[in-house]
Amino acid sequence: MHHNAVERFVKNSLNQIHHKAKKGDFPCDQASKQASWILLIAGILVLSSCSKDEPIVSPLHHDPAQISPAFLKMQETAAGLAQAFARDFNSTPEHRKELFSKIANKFDGDFDMLVDHFKDATLDEIQTSIKSNGLGKTSGNCQVNVREAIQTIPKLQLMVPYAKNWTDRKIQDAGGLIVAYYPFGVPESKIKEIVGFDKNGQRVVINERSAPTIPYVILSQNERTDNEGFLRLQLVSTGFGAIPAAKTASLSHENPKLAKVSELENWQDVNLGLLGEEKGLGAISTQTLL
C-alpha cells in the first residue's frame, strides 16, 4: 500500500472513531484503544513495503481513473526503467555507444531500437547497475527488472528524436542524456509534455518548446514490429503480382541484436544520425514525438 493510501486509511478510520465516540456509541477509553490499533496497523503497512522511498509517479495531470490498469502498469514500469536507464547510460560510455550505434542502424527505418536488441551481456550489466544504484522503483517500491519490463510492454523501444542535433560529446556538455517515457493510455492529442529523468534520477519535464534543445531518448512502443520483434509483413512486387515479403527482424535482414557497435575512436564526436554507418552518408530522420 502506498504511503498516500495509508494516510487516507488512517484519516478515515480515526474520523469514524471520533464520530462514534461523540454519539456515545462506545466509551472514550475504547475509542482510544481502537485509535491505537489503527495507528499500529498503519505503521505495519508502511514498513511492509520494499523501501522507504516513494515509487515514481508521473507529474502529468491525467486522471488515472480514465486510464486502464494495464496502461497504468505500463506507465509505472516505463517510468522506473527510464530512471534506471538514465543513471546507467550516463555513467557507462560503452552502453551509450551501443545504444547510439544500434539506434543509428535504423533496423526499421527510424532512429530507434528495441530494448531487447541490447546484447544479453549489456542487459545483465544494466540490471546489476539497477540493483546497486537503488533507482528504478515501481509498485511497492521494488526495483524494475529489465527483462520483465520487455514482457510487460511489448515492442518496447528506445527512440532518439532530433538525432541530427546531437553527438555524444554535445550531450555530455549539455549535462547528460535524459531518458523519457511515453504516457501509455493517454490519447496522443492530449499529450502536451512528457517526463524524463536525468543522470541523478531527477525528473525533467519536456514540452514542445523545449524538446529540440534537450538531449533525450524516449521509451515507447514500436509500431513497425510484431510482438515477437519481427517487422510487420509487407508486400513485394513480382512477375506474378504482390506477395508477402519474407519474415525478417530488420530491413537489412540481419539480427539487430548482433548489429555492429561503432569502432571509431572519435565516436563521441560523430553525429548520432551517422554513427551506425561510419561512412559519412545517410539520411537524417526528423521524426519527433512532440
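Output the number of the condition that Gly239 fails; it satisfies all remaining conditions of (1) open to solvent by less than 40 Å² (accessible area, probe 1.4 Å); (2) modelled with pLDDT under 90.
(1)
Give me a count of the residues in region 101-118 that are closer than 22 Å to Gln83 by Cβ and open to solvent by 20 Å² or more (accessible area, probe 1.4 Å).
The qualifying residues number 1.
Please state which of the following conditions Tyr216 fails to meet, knowing it meets all the rest: (1) of a type in the set (Ser, Thr, Tyr); (2) at pLDDT below 95; (3) surrounded by 21 or more Cβ atoms within 10 Å (Cβ to Cβ).
(2)
Every residue in region 160-180 that is of a type in the set (A, V, I, L, M) and either part of a helix (DSSP H, G or I) or surrounded by fewer than 17 Cβ atoms within 10 Å (Cβ to Cβ) (or both), please.
The answer is Ala163, Ile171, Ala174.
Is at least one residue of region 57-72 over 13 Å from Arg203 (Cα atoms), at pLDDT 95 or above, over 18 Å from the mean Cα position of the chain (by Cα) and part of a helix (DSSP H, G or I)? Steps first, please.
As a first pass, look at region 57-72 and keep what is over 13 Å from Arg203 (Cα atoms): 61-72.
Going one step further and asking which of them are at pLDDT 95 or above, we end up with none.
Checked region 57-72: no residue is over 13 Å from Arg203 (Cα atoms), at pLDDT 95 or above, over 18 Å from the mean Cα position of the chain (by Cα) and part of a helix (DSSP H, G or I).
Which members of region 71-94 meet the condition of being touching a helix residue (DSSP H, G or I) at 6+ places or on another chain (Cβ under 9 Å), farther than 13 Å from Leu156 by Cα and either open to solvent by less than 10 Å² (accessible area, probe 1.4 Å) or among the small types (Gly, Ala, Ser) (or both)?
Listed by number, the residues that qualify are Gly80, Ala84, Phe85, Asp88, Phe89, Ser91.
Output the qualifying pairs, or none if there are none: Cβ atoms under 8 angstrom, residues six or more apart or on different chains, first residue in region 257-279 and within 13 Å of Glu94 (Cα to Cα) and outside any loop (DSSP other than H, G, I, E, B), second residue open to solvent by 40 Å² or more (accessible area, probe 1.4 Å) and modelled with pLDDT of 90 or more.
Gln268/Pro93; Gln268/Arg169; Gln268/Gln172
Step by step: first the residues of region 242-271, then only those that are at pLDDT 75 or above and among the β-branched types (Val, Ile, Thr), then the one that is surrounded by the most Cβ atoms within 10 Å (Cβ to Cβ). Which residue is that?
Restricting to residues being at pLDDT 75 or above and among the β-branched types (Val, Ile, Thr), the top hit is Val270.
Would you mind finding the one in Gly196, Gly185 that is part of a loop (DSSP other than H, G, I, E, B) and open to solvent by less than 60 Å² (accessible area, probe 1.4 Å)?
Result: Gly185 is the single residue among Gly196, Gly185 that is part of a loop (DSSP other than H, G, I, E, B) and open to solvent by less than 60 Å² (accessible area, probe 1.4 Å).
Anything in region 76-90 that is small (Gly, Ala, Ser) and closer than 8 Å to Val144 by Cβ? List them, or say none.
Kept after step one, since they are small (Gly, Ala, Ser), are these residues of region 76-90: 78-80, 82, 84, 86.
Answer for region 76-90, where residues must be small (Gly, Ala, Ser) and closer than 8 Å to Val144 by Cβ: Gly80, Ala84.
The values are calculated or read from the model by the stated rules, or taken from the named source; none is laboratory data. Just so it is clear, the model here is predicted, and its values are computed rather than measured. For neighbour counting, all protein chains shown are included, and Cβ atoms are generated from backbone atoms with ideal geometry for every residue, glycine included. Areas reflect the complete protein model, heavy atoms only, side chains present, ligands, DNA and RNA absent. Shrake-Rupley method; radii C 1.70, N 1.55, O 1.52, S 1.80 Å.
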